[in-house]
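Here's the structure we're looking at; comments come further down.
Bear in mind these aren't lab numbers, they're just calculated from the coordinates by the rules spelled out. Keep in mind the model is a prediction, meaning the values are calculated, not measured. Cβ placement follows ideal geometry from the backbone for every residue including glycine, while neighbour counts extend to all protein chains displayed.
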Amino acid sequence: MSDSAAERAYSESEIAQRLQHLPHWTFERGWLRRKYRTHSWKGTLMVINAVGHLAEAAWHHPDITASYAWVEVRLMTHTAKGITDKDFELAAKIEEVVQWRPAAGGALEGTPEQDARFAYVKYDR
């Protein structure tokens, strides 16, 4: 993708259309936003680290706000002063990684949901 294509800021109606593919993300005050709920500070830090890894690898850096049991991620391409393909692509990758869970019956069993000591992210159902 050329830099000019990645830097084209979308209009509000185009953003609304693209957000149909990211149903838990919203557009507010110039940012793509998503709040992830966690069970504890441990889960919050794990989400922040996952987002940080993806952002650094993509060389596109979100604003992050966190508390004990939630993380808010905000995306905007500062150089374009708006929402670009970079924001949508990073939002989709963050969503894929943070919401990922092992498939039932696979070798990766996942964290035990019935034991709060191991609770992590409050997954969207």
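The candidate values were [x] 12, 41, 30, 13, 3; [y] 12, 31, 23, 16, 9, 7, 2; [z] 13, 48, 31, 8, 0; the one computed from these coordinates for P(r) over Cα pairs in 10 Å bins from 0, in percent carries the label [x].
Per residue, the average separation of C-alpha pairs within less than 8 Å and at least 6 apart gives the chain a relative contact order of 30 percent.
The calculated FRET efficiency for ILE48 paired with SER11, based on their beta-carbon distance and R0 = 30 Å, is about 0.45. Among ALA103, ALA57, ALA91, which one shows the biggest mean-square fluctuation in a GNM of the chain, springs joining Cα atoms closer than 10 Å? Highest fluctuation of the listed residues: ALA103. Set the Förster radius R0 to 35 Å, insert the Cβ-Cβ distance between GLU89 and TYR68 as r into 1/(1 + (r/R0)^6), and round the FRET efficiency to 0.05. Result of the calculation: an efficiency of 0.70.
If you only keep lysine pairs separated by 8 or more in sequence, or across chains, how many in the chain come under 21 Å at the Cα atoms? Don't jump to the answer; show the numbers that get you there.
Numbers: LYS35/LYS86; LYS35/LYS93; LYS35/LYS122; LYS42/LYS122; LYS93/LYS122.
Lysine pairs meeting both conditions in the chain amount to 5.
Round to the nearest 10 and give me the degree value, 0 to 90, for the angle of helix 41-58's Cα axis relative to the longest principal axis of the chain. Here the helix axis deviates by roughly 40 degrees. Taking Cα atoms only, the orientation of helix 85-98 departs from the longest principal axis of the chain by about 0 degrees. Only helical runs count toward this figure. For the chain, summing -39,500 (n - 2.57) over DSSP H runs of n ≥ 4 and dividing by all residues gives -10500 deg cm²/dmol at 222 nm. Of the chymotrypsin sites (Phe, Trp or Tyr not before Pro) found in the stretch 22-65, those that fall in a DSSP loop while having at most 14 other beta-carbon atoms within 10 Å are TRP59. Relative to one another, the C-alpha centroids of the stretch 14-31 and the stretch 42-121 are positioned 17 Å apart. Charge tally around GLN17: other residues with Cβ under 15 Å, Lys/Arg +1 each, Asp/Glu -1 each, net -2. Between THR44, THR84, THR111, the GNM of the chain built on Cα springs shorter than 10 angstrom shows THR111 fluctuating the most.
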